[in-house]
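S.K.: I have a structure I would like to understand better, so I am pasting it below and will then ask my questions one at a time.
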Amino acid sequence: MTPHRARLPHRSRVVARTEDLRPRIAAVLSGTVVALLILATQVLAEENVTKSHGFSEFGELKYPEGFAHFEYVNPQASRGGELSYAAQGTFDSFNPFTRQGRAGARSADQYETLLFPSYDEPAAYYGLLAESLEYPESQDWVIFNLRPEARFSDGSPVTAEDVVFSHEILLDQGLQSYAEAVRKRIPKAEALDTHRVKFYFAPDIPRRALITQVGGTPVFSKAWFDADPENRRIDKPRLEPGIGSGPYVLDSYDINRRVVYKRNPDYWGDNVNVNVGRNNFETIRIEYFSDSIAAMEGFKAGEFTLRQENNSKSWATAYDFPAISSGHVVREELRDGDVPNASGFVMNMDRPQFADPRVREAVQLAYNFEWTNESLQYGLFQQRHSFWQGTHLEAKGVPEGREKVVLESLGDALDPAVLTDEPVSAHSSKPDRQNDRRNLRKASKLLEEAGWAVGSDGVRRNDKGETLKVEFISDQPTLDRLIQPFIDNLGVIGIDATYNRIDNAQFTLRRRERDFDMIVGAYRKSLQPSTGLYQQYGSEAAAFSVFNPSGIHGPDIEPLIDNIVAATEQEELFANVRALDRVLRAKRFMVPTWYLGKFWVAYWDMYEHPDNLPPYALGVEDLWWINADKSAALKASGALR
């Protein structure tokens, strides 16, 4: 009994222990299952995370991981020598990120970015400061892995903290249109460790262009800004250039006369594949001139040695000086495969005289491209019609297919004629006289219909007695001969039009503040348009964006931008861009003028460039090089000092 009784407590203890372990075992088993599920989820997530050496908005990257160099560079290009060219106007700052003052040439070029664009692929980017990037299928975030060897020009390492700081200071002190657009799309940047930085994207916005947006952010030295935060701001002009990680640093400057940059002998990135064959000059010197006429004389005298010409009269008539005859200066016409800038005479849509589209059409009709091109521009240009001129994104014919469906979705916000008519194109004019009477009669009728009647003095007024006035401002003397005939034609139809050429600083200020009626302006275009369209045509930024000189925006524009940014298939992108092109052209907020479709370049015969220049960049500053023997021969002959 005793043994039995003695065994009872023992048995009870065993049973008790068994009963005590059950919840623990269950907890362990449950925890194991959870851990396995978490691990499985992590593995699945890792399987869906792409790690790459580059990024393309659509399709595959052209260049594989570990590629040696871009196809369009010369990896054996000689290093050394000086590139010199001209700039027009003045400068009083080396801070290119502020609306105040005028930044010196190349001020932004010392700052590198995480990714670098390919010049022979639209919207394709490869690692520069970043050796790789990681992102999930959803593209809810992106991680950039920085190159450990990346250094600022003072020798300090480029870190993830510098990248986060750069992103945040641009939001806090940068251009308002940029900051407001980016802040709501990219709410957070985080340094995961010294060389890993993560950007988070807002949950309810399209993913297109967000990775390339952050990949293109210039990277500043946090330590440099922190050393003097009151005076080192990006919203104020300053002559301190700051510290970047790029191949060139500021060497010297003479305010309003010249800026000289020199190669950093300790530049960290010479052997990075995206840099092979690039950045070949020892120094880059920019000479400042008051206008292009003075600059042309400087070029002829050898004060600078390469000139990218943009004046048709100069290209046709000015290159007859002795250095051309002797072969010391050569001229080339090189292919430009990119989208032409949407340039023209821009109307300020904040001005009440342009509120009526009939007035804007009348202003357009007063311009005679054919006569201007034949009589003043030597027949060298082509008429621009589209905002994506000559590309697959240009709207043509009557809307059909997906483009028509997109336009129909705009409902009452859309002018019904956009759905039924061919896209608005520049009118044709007779080239044999400055004022095409047929077009001017049509313009006059439109102004009458809009309520602007001609008085006894030949000037149009509305029923309030207000004069229809248009002031055209410019800071370019070479534009005088092109603008004045247009002003004369406006006068013929009763518009009190004046042309006022002002100095560079005043023009810059008035353009930024949108204090003008009309100017010569342009909207930069891309074959893969995306979030930048909000700064060009979006409603939120319309009041202050420096990228939207006209201030154009509207309920028929905004949804198309949203669709473009949200597009995940190229055909959807193309349909919406064509629809946007059609809507913008119907707005008639600028007089489309001309485009060239190629580069005019003249240079003293010591420069060389790759035979296979890329379609989307001329690349003078980073793809060309100096032939030392040719340079020495020019100096030996006395042609150059």
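The values are calculated or read from the model by the stated rules, or taken from the named source; none is laboratory data. Since this is a predicted model, take the numbers as computed values, not measurements. All Cβ positions, even for glycine, are placed from backbone atoms using ideal geometry, and neighbour counts span all protein chains on display. Only protein heavy atoms, including side chains, enter the accessible area calculation; ligands, DNA and RNA are left aside. Shrake-Rupley method; radii C 1.70, N 1.55, O 1.52, S 1.80 Å.
Conditions (1) touching a residue at least 12 places away in the same chain (Cβ under 8 Å); (2) open to solvent by less than 20 Å² (accessible area, probe 1.4 Å); (3) of a type in the set (A, V, I, L, M, F, W, C); (4) touching a strand residue (DSSP E or B) at 6+ places or on another chain (Cβ under 7 Å), marked per residue:
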position	(1), (2), (3), (4)
515	no, no, no, no
519	yes, yes, yes, yes
534	yes, no, no, no
542	no, yes, yes, no
558	yes, no, no, no
564	yes, yes, yes, no
579	yes, yes, yes, no
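S.K.: State whether the residues of region 255-267 include one that is of a type in the set (Asp, Glu), surrounded by fewer than 19 Cβ atoms within 10 Å (Cβ to Cβ) and touching a residue at least 60 places away in the same chain (Cβ under 8 Å).
M.R.: yes
S.K.: With the requirement that a residue be under 28 Å from the mean Cα position of the chain (by Cα), open to solvent by 70 Å² or more (accessible area, probe 1.4 Å) and at pLDDT below 95, what does region 42-85 give you?
M.R.: Within region 42-85, 60 is the sole residue that qualifies.
S.K.: Scan region 347-366 and report the pairs whose first residue is in contact (Cβ under 8 Å) with a residue 24 or more places away in the chain and under 18 Å from residue 510 (Cα atoms) and whose second residue is of a type in the set (Phe, Trp, Tyr) and assigned to a helix (DSSP H, G or I), with Cβ atoms within less than 8 Å and a gap of 6+ or a chain change.
M.R.: 347/354; 348/354
S.K.: Let me ask something additional. Restricting the search to region 388-422, which residues are closer than 13 Å to residue 577 by Cα and not β-branched (Val, Ile, Thr)?
M.R.: Scanning region 388-422 gives 388, 389, 392, 393, 394, 395, 396, 399, 402, 403, 404, 407.
Condition check ((1) closer than 30 Å to residue 322 by Cβ; (2) over 23 Å from the mean Cα position of the chain (by Cα); (3) surrounded by fewer than 17 Cβ atoms within 10 Å (Cβ to Cβ)) across all residues:
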position: 223; (1), (2), (3): no, yes, yes
position: 242; (1), (2), (3): no, no, no
position: 247; (1), (2), (3): no, no, no
position: 250; (1), (2), (3): no, yes, no
position: 271; (1), (2), (3): no, yes, yes
position: 276; (1), (2), (3): no, yes, no
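S.K.: Further question on the same structure: Got a number for residues in region 544-555 being open to solvent by less than 10 Å² (accessible area, probe 1.4 Å) and either among the charged types (D, E, K, R) or touching a strand residue (DSSP E or B) at 6+ places or on another chain (Cβ under 9 Å) (or both)?
M.R.: Number satisfying all stated conditions: 4.
S.K.: Only one of (1) more than 22 Å from the chain's Cα centre (by Cα); (2) within 24 Å of residue 98 (Cβ to Cβ); (3) of a type in the set (Ser, Thr, Tyr) fails for residue 156. Which number is that?
M.R.: Going through the list (1) more than 22 Å from the chain's Cα centre (by Cα); (2) within 24 Å of residue 98 (Cβ to Cβ); (3) of a type in the set (Ser, Thr, Tyr), residue 156 breaks only (2).
S.K.: Any idea how many residues of region 423-459 are closer than 26 Å to residue 342 by Cα and among the hydroxyl-bearing types (Ser, Thr, Tyr)?
M.R.: Final tally of qualifying residues: 3.
S.K.: Same structure, new question: Is it the case that residue 169 is at pLDDT below 95 and either in a strand (DSSP E or B) or β-branched (Val, Ile, Thr) (or both)?
M.R.: No, not satisfied.
S.K.: Mind listing whichever residues of region 191-215 are open to solvent by less than 40 Å² (accessible area, probe 1.4 Å) and of a type in the set (Gly, Ala, Ser)?
M.R.: If the condition is that a residue be open to solvent by less than 40 Å² (accessible area, probe 1.4 Å) and of a type in the set (Gly, Ala, Ser), then 202, 209, 215 are the ones that fit.
S.K.: Also, I was wondering about something else. Modelled with pLDDT of 95 or more and of a type in the set (D, E, K, R): does that describe residue 515?
M.R.: It is true that residue 515 is modelled with pLDDT of 95 or more and of a type in the set (D, E, K, R).
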